[in-house]
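Notes follow the structure.
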Amino acid sequence: MAEDLDITIQPTPNPNALKFILSTKVKNEGNSTYKTPMACGENKLALNLFTLRGVDQLHFFENVVTITKFGYEEWEILETQIIETLQGSMPAHNPDYNDPDPEKDRRENLPPELKEIEIILDKTIRPGLQGDGGDIQTISYEDNVLLVRYQGACGTCPSSTTGTLEAIKGILRDQYNPDIDVYVAPDW
């Protein structure tokens, strides 16, 4: 069965992240970002990928596994190990796995203005970020200042604090509030 798995590798804007596009689904609904092996829960595929030296983050979306590596690790070695792990783990992987979804609960409890901003991001920005193995989350909106946090490959991408952030500002100024400013929230 593993022989039937086709894997295509594509770069992302982040030089430390690659997309591994599989010929089968890894996640049927939603997406998952894992920053540690402890966050993987019952997802054995994610746990197996974290056993590879140099793997920093994982992002599962549809038929794509985006892997962010630590800067010191070389892709030439890691790519082969990732492909072998995917081929060995996919036959037992269930794409209907269910992660706890704190994002769903978080979004349901957002203030109205953040819900409106999230809808705009869903239509404009989020598809591109998810296509590159990442995502964005709104943190707060006060006095025309929106704080966001990037997820997956976007979290360590150099363009996330320059071109991507400027695009987000431009779209939100055009579609939501001409005086809005957008900043990346610090990690703690």
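General remarks:
- Every listed requirement among (1) within 20 Å of the chain's Cα centre (by Cα); (2) over 22 Å from HIS59 (Cβ atoms) is met by PRO158 save one, (2).
- Residues located in the stretch 148-170, provided they are in a helix (DSSP H, G or I) and either surrounded by fewer than 17 Cβ atoms within 10 Å (Cβ to Cβ) or not assigned by TED's automatic domain parsing to the domain that holds LYS123 (or both): PRO158, SER159, THR161, GLY163, GLU166, ALA167, LYS169, GLY170
- Matching residues, the stretch 29-45, being over 18 Å from VAL64 (Cβ atoms) and at pLDDT below 90: MET38, ALA39, GLY41, GLU42
- Note on the stretch 29-66: residues that are touching a Lys or Arg at 6+ places or on another chain (Cβ under 8 Å) and of a type in the set (A, V, I, L, M, F, W, C) amount to 5.
- Scan of the stretch 56-75 for residues that are in a strand (DSSP E or B), among the aromatic types (Phe, Trp, Tyr) and touching a residue at least 40 places away in the same chain (Cβ under 8 Å), ordered by number: PHE61
- Some residue of the stretch 126-140 being touching a helix residue (DSSP H, G or I) at 6+ places or on another chain (Cβ under 7 Å), of a type in the set (D, E, K, R) and part of a loop (DSSP other than H, G, I, E, B): yes
- Of all residues assigned to the stretch 172-184, at least one qualifies as being closer than 24 Å to GLU108 by Cα and either of a type in the set (Asp, Glu) or surrounded by fewer than 12 Cβ atoms within 10 Å (Cβ to Cβ) (or both).
- Elements of type strands (runs of 3 or more DSSP E) contained in the stretch 1-51, each with 1 or more residues being basic (Lys, Arg) and out of contact with any His (no Cβ under 7 Å at 6 or more places or on another chain): 17-22
- Residues being over 20 Å from GLY131 (Cβ atoms) and in contact with a strand residue (DSSP E or B) (Cβ under 7 Å, 6 or more places away or on another chain) - total across the stretch 57-74: 1
- Where ASN98 falls short, out of the listed (1) touching a helix residue (DSSP H, G or I) at 6+ places or on another chain (Cβ under 7 Å); (2) without any contact (Cβ under 8 Å) to a residue 24 or more places away in the chain; (3) not in a helix (DSSP H, G or I): (1)
- Boolean, LYS44 is farther than 17 Å from GLN81 by Cα, surrounded by fewer than 21 Cβ atoms within 10 Å (Cβ to Cβ) and among the charged types (D, E, K, R): no
- Residue check for TYR176: among the aromatic types (Phe, Trp, Tyr) and in contact with a Cys (Cβ under 8 Å, 6 or more places away or on another chain): no
- Filtered residues of the stretch 122-147 (kept if surrounded by fewer than 20 Cβ atoms within 10 Å (Cβ to Cβ), closer than 25 Å to GLN57 by Cα and in contact with a strand residue (DSSP E or B) (Cβ under 6 Å, 6 or more places away or on another chain)): GLN137, ILE139, SER140, LEU147
- Residue tally, condition surrounded by 11 or more Cβ atoms within 10 Å (Cβ to Cβ) and modelled with pLDDT of 85 or more, over the stretch 93-106: 4
The values are calculated or read from the model by the stated rules, or taken from the named source; none is laboratory data. Keep in mind that this is a model prediction, so the values were computed, not measured. Methodologically, a virtual Cβ is constructed for each residue, glycine included, from the backbone with ideal geometry; neighbour enumeration extends over all protein chains shown.
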